[in-house]
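Only one structure is covered here, and it is reproduced in the block below.
The values are calculated or read from the model by the stated rules, or taken from the named source; none is laboratory data. From a predicted model like this one, the values you see are computed outputs, not experimental measurements. Glycine also receives a Cβ, built like all others from the backbone with ideal geometry; neighbour counts cover every protein chain displayed. Side chains included, ligands, DNA and RNA excluded: accessible areas come from the protein's heavy atoms. Shrake-Rupley method; radii C 1.70, N 1.55, O 1.52, S 1.80 Å.
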Amino acid sequence: MFHMKLLIVAMAVWNLITFFMMGADKYRAKKDKPRIREKTLIIAAFAMGALGVTIGAAVFHHKTQKLKFRVLLPIGIIVNGAVIYGLFCLNII
């Protein structure tokens with residue numbers, strides 16, 4: 001049970017970080033400052049942060065028109081969900 005709680009807390013924190021990564025990148029775009037690479041945002045999404053990146057994209061109206069993000073973020077959510085499901089089915093958590 002402890003492992004499951006730890007996983008939930010870790011995923012919540014990570015998804016908050018990825019959410020704020022989208023906000024930071026949007027802010028940097030508006031201020032013409034160095035940006036967070038798209039590759040980094042996509043990797044963060046596939047590294048169990050897809051929900052945070054997706055919600056961040058919607059809230060900050062950032063990267064929502066880019067085909068790469070419109071395709072890969074939903075796939076990232078599915079992959080993240082499949083990993084969590086697999087961990088439960090294999091009794092790893």
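The criterion of being open to solvent by 80 Å² or more (accessible area, probe 1.4 Å) and within 10 Å of the chain's Cα centre (by Cα) does not hold for Ile78. If only residues of region 35-88 that are among the hydroxyl-bearing types (Ser, Thr, Tyr) and assigned to a helix (DSSP H, G or I) are counted, the one that is nearest to Leu7 (Cα to Cα) is Tyr85.
Considering only residues in region 27-47 that are open to solvent by less than 70 Å² (accessible area, probe 1.4 Å) and among the β-branched types (Val, Ile, Thr), the one that is farthest from Tyr85 (Cα to Cα) turns out to be Ile36. A search for C-beta distances below 8 Å between a residue of region 37-62 that is over 20 Å from Val9 (Cβ atoms) and any residue that is aromatic (Phe, Trp, Tyr) and open to solvent by less than 20 Å² (accessible area, probe 1.4 Å), counting only pairs 6+ apart in sequence or on different chains, returns Glu38/Phe69; Leu41/Phe69; Ile42/Phe69; Ala57/Phe69.
Scanning region 59-73 for residues that are of a type outside the set (S, T, N, Q) and either loosely packed, with under 13 Cβ neighbours inside 10 Å or touching a Ser or Thr at 6+ places or on another chain (Cβ under 7 Å) (or both) returns Val59, His61, Leu67, Lys68, Arg70, Val71, Leu73.
Among the conditions (1) within 20 Å of Asn80 (Cβ to Cβ); (2) open to solvent by 40 Å² or more (accessible area, probe 1.4 Å); (3) in contact with a Pro (Cβ under 9 Å, 6 or more places away or on another chain), the only one that Ala50 does not satisfy is (2).
Residues of region 8-28 that are among the small types (Gly, Ala, Ser) and touching a residue at least 24 places away in the same chain (Cβ under 8 Å): Gly23 alone.
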